[in-house]
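The values are calculated or read from the model by the stated rules, or taken from the named source; none is laboratory data. The shown structure was predicted, so the numbers you read here are calculated from the model rather than taken from an experiment. Cβ: placed from backbone, ideal geometry, glycine included. Neighbour counts: every protein chain shown. Surface accessibility is based on the protein's heavy atoms, side chains included, excluding ligands, DNA and RNA. Shrake-Rupley method; radii C 1.70, N 1.55, O 1.52, S 1.80 Å.
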Amino acid sequence: MAIISMTGFGRGEVSEQGVRVIVELSTVNRKQFDCSLSLPRELGCLEAKIHALLHAGISRGYVKGNLLVKAAQEGQAVGLFNRERVKAQIAELREVAAYVGVKDDLSAASLLQLPEVVNNSALFEDPEALWGLIEQATKLALEKLCAMRAREGEALAADLKQRFQTLKALSEQIAPLAQEVPRRYQATLEKRLAELLGDGRQNVVDPALLAREVAVFADRCDVSEELTRLASHFVQVEKALREGHASGRTLDFLCQELFREINTTGSKANDAELTRLVIAFKAGLEAAREQVQNVE
């Protein structure tokens with residue numbers, strides 16, 4: 001399955017029997033699933049159903065949803081408008097217009113701009129009866145949302161794959177350099193001893209003592225275990241990217257483990273070139289981890 005992004009948008013609209021239902025969904029990244037719905041007060045009893053429907057299709061991320069129910073343009077529902085309220089508002093508007101000397105230019109289209117002219121009770125008399133339309137619109141919006149998240153995920157997966165390949169290449173450069181560190185230390189130590197003791201006095205230093213010192217240094221700066229674990233983590237990263245879907249938590253955990261191992265490697269480096277590679281690895285890993293935060 002492909003990597004899924006946590007960013008997307010979807011809109012669903014269904015019209016039937018004079019009623020139009022519009023659902024808009026948008027998502028952004030978040031560690032857990034979270035949902036905030038904006039819907040008419042009269043439909044509050046359906047919020048749990050909508051929440052469950054969304055959670056079934058989205059495992060992680062912050063979902064913001066907006067539900068709108070209104071009369072369809074064709075075949076208006078009987079009793080949709082609050083006629084008495086419209087009549088009273090029009091009368092008052094004309095009275096005020098005449099009082100202040102403003103032209104009376106009210107038209108049929110302007111009726112829709114009046115507050116509370118729609119008789120909500122006609123639409124929301126039975127919320128459960130609207131569930132079929134709301135469910136259809138929500139599923140349609142969710143389908144489009146998931147399609148966008150999948151498209152975003154494809155680009156995200158390609159980017160992450162490239163970033164982790166670069167990090168893996170850096171880790172592979174560390175191994176041969178780390179093996180040379182004890183040898184360079186021994187050569188440097190012998191050179192300094194020669195400079196301190198002077199010509200012809202190198203034999204004063206016990207070779208066994210020198211070898212022991214180099215061995216202790218080599219053990220202290222040995223990063224073979226860290227490199228082995230790094231290689232293992234990269235295998236897991238490739239598997240997570242290949243399997244995709246809800247792999248965001250897995251990738252985030254692996255980024256933490258990669259940082260742990262490279263940080264230990266850096267503390268043992270004792271070499272300028274190794275330190276440079278470790279710094280480059282950390283910078284690349286931080287950028288990769290920021291991208292991972294967008295994976296579901």
Would you be able to tell me the number of residues in segment 254-281 that are touching a helix residue (DSSP H, G or I) at 6+ places or on another chain (Cβ under 9 Å) and either at pLDDT 95 or above or among the aliphatic types (A, V, I, L, M) (or both)? 14
In segment 158-179, what residues are in contact with a helix residue (DSSP H, G or I) (Cβ under 6 Å, 6 or more places away or on another chain) and of a type in the set (Gly, Ala, Ser)? SER171, ALA175
Of the residues in segment 23-53, how many are under 16 Å from LYS144 (Cβ atoms) and either at pLDDT below 95 or touching a Cys at 6+ places or on another chain (Cβ under 6 Å) (or both)? 0
Condition check for ALA52: touching a residue at least 12 places away in the same chain (Cβ under 8 Å) and under 18 Å from ALA246 (Cβ atoms): no
Examine segment 221-230 for a residue that is of a type in the set (Asp, Glu), modelled with pLDDT of 90 or more and either under 30 Å from GLN293 (Cα atoms) or touching a Cys at 6+ places or on another chain (Cβ under 9 Å) (or both), and state whether such a residue exists. no
Residues to consider are GLY18, GLY44; find the one that is open to solvent by less than 50 Å² (accessible area, probe 1.4 Å) and in contact with a strand residue (DSSP E or B) (Cβ under 8 Å, 6 or more places away or on another chain). GLY18
